Every structure is written in C-alpha cells, then in structure tokens.
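Trainee: Submitted below is the structure of interest, expressed as structure tokens.
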Amino acid sequence: MKTTVIVISMLAILLLGGIAASKGNGEANKTALAGTLGIAARYPGDEGIENDSSVVFTENFESKSVTDLSQSWTNVGQGTDGTALFIVKDTTAPSIGKYCLRVTATKGRNVGGGLWKLLDEGYEQLYARFYCKFAPDAPYVHHFCELSGRNPYDKSPWPHGGAGNRPTGTDWFTVNIDMTRKGFWRPAEAPKAPPPGEWILYNYWSEMHSWQTPEGESDGRDRGFFGNIFGPLDEPLVVKRGVWQCVEVMIKLNDPEKRDGEVTFWIDGKLIERYGPGTIEGTWNTDKFWRTGEFNTNPQPFEGFRWRKNERLKINIFWLKYFLGRVFTEDLNPHDPEIPYNDNKAIVYFDNIVLSKEYVGPIVTDQALPVGGDYDGDGQAGISDVIRLIKLCMEEYPDASADYNRDGTASVADALALLLDIIKGTN
C-alpha cells in the first residue's frame, strides 16, 4: 500500500511541478508552488510582525487608551460628540493581544468615527490588512475603510472630502473597502444583502466615469462623479456580523503615462478579485462597468487604473473608518423583518492593522495545520491528502495550512514533507 502511495504521490508532485514550471518564472507568472503565504505566516499570533522589513505601520491597541492614539495616528476621529472611539477588552481575535478598538455611531449624536494615518512617505504598492467585527445587530454602512494617496505637498493633518469630484491625477485617488445593500449588477428580483451588506470596492481615480451620461462624462452639472463600484459577480459576499473577519486590500500604482494600475482584495485570506488591465471584461455605461446583463453590450477587457498622472502622487493614507451617514436618516431596514437591525446605534470593532509592502495574510494560529496531515477530512493521511496539499500550494495566495513544514512558504517541499511523514508513519 505504501509503495502505491509513494509512486502515485511522486507522479502527482512531478506532474504539478511541471505545470508550475511551464507557467514561467517571471513575477507576473508567479505560481504558488513558491506560494505567497503572506508575512503573517512568519509571525504566529502577529507577535513581532511590526519588526518585519516590509512593514511600514502596525496597530494592535494593546497598552493604549484613546488619548494615546494620537501618538501613532495623524487624526483621531471621535465623532461630533467625542464618544465614538473606545479601547475595549476582547480575547476572541486570533492574535495574542487582549484589546481592540470599538467604534460606535449613535443616532442623533454622531455618524461614527475612525483613525486616519498620513504616512511619512509614499509607496508605489501597498497592502493594508485589518480585522473587523460588527455587532450582531449592526445596520448597513455608508462608508468603511480606505487606502488612498494624496499630493505629498499637502501636509494638512486631517482627511479631505472629495465626493462628487473626479481627481485630476495629480491631487488624490481613493480605494474604499466598502459594502452595499445590493450590487448594481444583480438581477432586479434579487433580494438585498442582509446588513451590513456585501463587500465591494468604491474607487475614485483620474479616469473614473460619471453617472450623468452613458459615455461616463459629466454633462456639466455639479457633483458629476461618485465612486465607481467593483465587486464579485458570484453570490453576494456578505459581510458577517458577530465574528472577526480579516480584510486586506492592495493598490499597485500605474506608470503615470499608462493605465496599468491595479487593486486587489481578500477576505479571510481568500483572494476575492483582482482588478487591473485585462483581469475582467465588461462594458462601461455611465459610471458602471457592466460584466453581465443588458448593458454589457460590447464586452472588452478592463483597461486598468490610471491612479495618477504624476509620479509624485503615491499611496500615503490609510483610514480606519466607520461612517453611517444616511443610514441614520433613511429607512434602510433589511428585506427580512426577522433580521436583527439596530438603526439607532451601530458598533464595529477593529484590531490588528498592518500596512506592508508585501502581502500580509491572516493571522496564523496553532490550529492552522490539519491534524495529522488530514487535508481532505477523511480522518487519515494518505495520497489524497498529498494531492490536496499540492493543489493548495498552487493557489496564488494559499492559506497558512499549506505550509506543512512550517518554513514560511507554500511549495513542493511541503508536499514532499507530508509524503515522507506518511511513509514513516509519523502522521
């Protein structure tokens, strides 16, 4: 039996290794047989991650009060009544810490709050990872967190509004990690997502499209440009309530003369979608890039983002934001009256923020590896587990369970290590 396992497993490893090699060795063709686990895989519980050479900023809210936050954040948004932020104890997050930030929006008193960071320098590519947990009765959200860039000569220590305006390519750009009640591309008869909504990206850039004309250009009226929405086509990716979720977004800037900028986002370590030149297809109509439905009349590859037209404009802002806005002024109750919904007080928790020049990934815990190398869940380690592990390693962004030998990467070496343990009977 072991001989059969060895032969078939080795053939599978060689076959899949050959497939990976045929994809090329360039960065654009990188395969996860040298997988990108993320730097968090090297720091279980996030302990010491702030010392990684790729990390530019971290926040875990340990040993701090709200008044201390101004030492590490450029602007502390306590809401109009000064009560939005509070440091609270919560040991349910996967990190080794005990505290997190609670943000509360209270109807009639404030519309939320948050923390705003202007980085000392700008970056051509940056990843922002954070954890969030919504209260079990949390309502819908107007706007959530943001990774963006602003003209480096603007040193004002507070966020600027830009709703309704298209950036020039030299002043600013924004990616909001946001949520909506229902993606515009979904059928009319489809129900709204339960609160807080479904995950989307809400972007402003120099060549964004307007809602005012089919061609996407302004007709001269004021406030012609609001964020262009991008989100997954499949079933709504509903934001969970009552549990911690790991959220990560990456912006890659463009050559100022080209539309080769990108944005990518992950939820709980799963790559949701990547938006860049040719990664999706659809048809622009007004401010919407239709990938399905009656307006997708002439599908073309997405052109990519021209975030900037001047190389001085870089990624230099992260905004941990919880903004309720019109949620408190409009009737946005969910379609199902049985769904808990508090339209008077909204609460979200934040923790474990990491800004990095490399992919971060979810926090790694001792429970990341399947017990005994059982990757297929049948209660024992065998050939199917080796094959399953190989497939995990071939994903572009495999999760920490693919790192069987705990060397910080996901590669063919992990499959070989599992195979040797099966042969030796140590599983």
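Trainee: Between Asp171, Asp137, Asp219, where does the largest GNM mean-square fluctuation fall for the chain, given springs only between Cα atoms within less than 10 Å?
Mentor: Ranking Asp171, Asp137, Asp219 by mean-square fluctuation puts Asp219 first.
Trainee: Roughly how far apart, in whole Å, are the Cα centres of region 256-283 and region 116-167?
Mentor: Centre-to-centre distance over Cα atoms comes out at 18 Å.
Trainee: Further, regarding this structure: Suppose R0 equals 25 Å; then what is the FRET efficiency for Asn51 and Lys258 from their Cβ-Cβ distance, rounded to the nearest 0.05?
Mentor: Working from the Cβ atoms, E equals 0.10.
Trainee: Here's a follow-up. Counting other Cβ atoms within 10 Å, which GluC sites (Glu not before Pro) in region 207-272 have at most 10 and lie in a DSSP loop?
Mentor: Glu257
Trainee: Another question, if that's okay. As I understand it, the dipole of the chain uses +1 on the Cβ of Lys and Arg and -1 on the Cβ of Asp and Glu, about the Cα centre. Which of Thr104, Ala402, Tyr127 lies farthest toward its positive end?
Mentor: Thr104
Trainee: In nm, what is the difference between 0.36 nm times the number of residues separating Arg109 and Glu62 and their Cα-Cα distance?
Mentor: Roughly 14.1 nm would be gained on extension.
Trainee: Scan the chain and note any complete DSSP helix (H) whose C-alpha atoms cover at least 20 Å along its axis and whose Kyte-Doolittle average is -0.5 or more.
Mentor: Span-like helices here: 2-22.
Trainee: Here is the link list: Lys258/Lys391; Lys309/Lys357; Lys64/Lys345; Lys252/Lys391; Lys64/Lys357; Lys117/Lys252. Which ones come out longer than 30 Å on Cα distance?
Mentor: Listed pairs above 30 Å: Lys258/Lys391.
Trainee: Now for a separate question. Calculate, in nm to one decimal, what Ser70 and Glu189 gain on full extension: separation in residues at 0.36 nm each, minus their alpha carbon distance.
Mentor: Extra length from Ser70 to Glu189 when fully extended: 38.1 nm.
Trainee: When every alpha-carbon pair in region 309-427 is counted, what percent end up more than 22 Å apart?
Mentor: Value for region 309-427: 58 percent of Cα pairs lie more than 22 Å apart.
Trainee: Let me ask something else. Summing -39500 (n - 2.57) over the DSSP H runs of n ≥ 4 in the chain and dividing by its residue number, what mean residue ellipticity at 222 nm do you reach, to the nearest 500 deg cm²/dmol?
Mentor: Helices in the chain give a 222 nm mean residue ellipticity of -3500 deg cm²/dmol.
Trainee: Moving on to the next point. Give the calculated FRET efficiency between Arg406 and Glu235 to the nearest 0.05, with a Förster radius of 51 Å applied to their Cβ-Cβ distance.
Mentor: Once rounded, the FRET efficiency stands at 0.90.
Trainee: Next question. Have a look at Tyr140, Ile251, Ile267 and report the one farthest towards the positive end of the charge dipole of the chain, computed about the Cα centre with Cβ charges (Lys/Arg +1, Asp/Glu -1).
Mentor: Tyr140
Trainee: Rank Pro301, Gly282, Thr329 by how far each Cα sits towards the positive end of the charge dipole of the chain (+1 on Lys, Arg Cβ; -1 on Asp, Glu Cβ) and give me just the farthest.
Mentor: Looking along the dipole axis, the top candidate is Thr329.
Trainee: Calculate the spin-label point distance for Trp211 paired with Leu420, positioning each point 7 Å from the Cα along the beta-carbon direction, and give it in nanometres.
Mentor: 6.0
Trainee: Further, regarding this structure: To the nearest 20 debye, what charge dipole does the chain have about its Cα centre, counting +1 at the Cβ of each Lys and Arg and -1 at the Cβ of each Asp and Glu?
Mentor: Result for the chain is approximately 540 debye, rounded to the nearest 20.
Trainee: Please give, to one decimal in nm, the separation of the simple spin-label points placed at Glu396 and Trp158, each 7 Å out from Cα toward the Cβ.
Mentor: Label at Glu396, label at Trp158, 4.0 nm between them.
Trainee: What net charge do the residues around Pro301 carry, taking every other residue with its C-beta under 12 Å from that of Pro301, with Lys and Arg at +1 and Asp and Glu at -1?
Mentor: 0
Trainee: How much net charge surrounds Pro398 when only other residues with a Cβ under 11 Å from its Cβ are counted (Lys, Arg +1; Asp, Glu -1)?
Mentor: So the surrounding residues net to -3.
Trainee: At a temperature of 10 °C and a viscosity of 1.306 mPa s, determine how fast region 44-356 diffuses translationally according to Stokes-Einstein, using the Kirkwood radius over alpha-carbon pairs as Rh; express D in µm²/s, rounded to the nearest whole number.
Mentor: 79
Trainee: Additional query: From the phi angles alone, apply the Karplus equation (6.51, -1.76, 1.60; θ = phi - 60°) to region 58-69 and give each ³J(HN,Hα) in whole Hz, x where the residue is Gly or Pro.
Mentor: For region 58-69, the Karplus-derived couplings read 9, 8, 10, 6, 7, 6, 9, 10, 4, 5, 6, 5 Hz, x marking Gly and Pro.
Trainee: Could you work out the relative contact order of the chain, using alpha carbon pairs under 8 angstrom and six or more residues apart, expressed as a whole percent?
Mentor: 27
Trainee: Taking 8 Å as the Cα distance limit and 6 or more residues as the minimum spacing, I'd like the relative contact order of region 143-216 as a percentage.
Mentor: Once normalised by length, the contact order is 33 percent.
Trainee: What chymotrypsin sites (Phe, Trp or Tyr not before Pro) in region 102-199 are in a loop by DSSP, with at most 15 other Cβ atoms within 10 Å of the Cβ?
Mentor: Sparse-neighbourhood loop chymotrypsin sites (Phe, Trp or Tyr not before Pro): Tyr153, Phe184.
Any read-out appearing in this document is the output of simple, stated calculations on the displayed coordinates, not a laboratory observation. Computed from a predicted model, the values in this text were never measured in an experiment. FYI the Cβ positions are ideal-geometry reconstructions off the backbone, even for glycines, and counts take in every protein chain you see.
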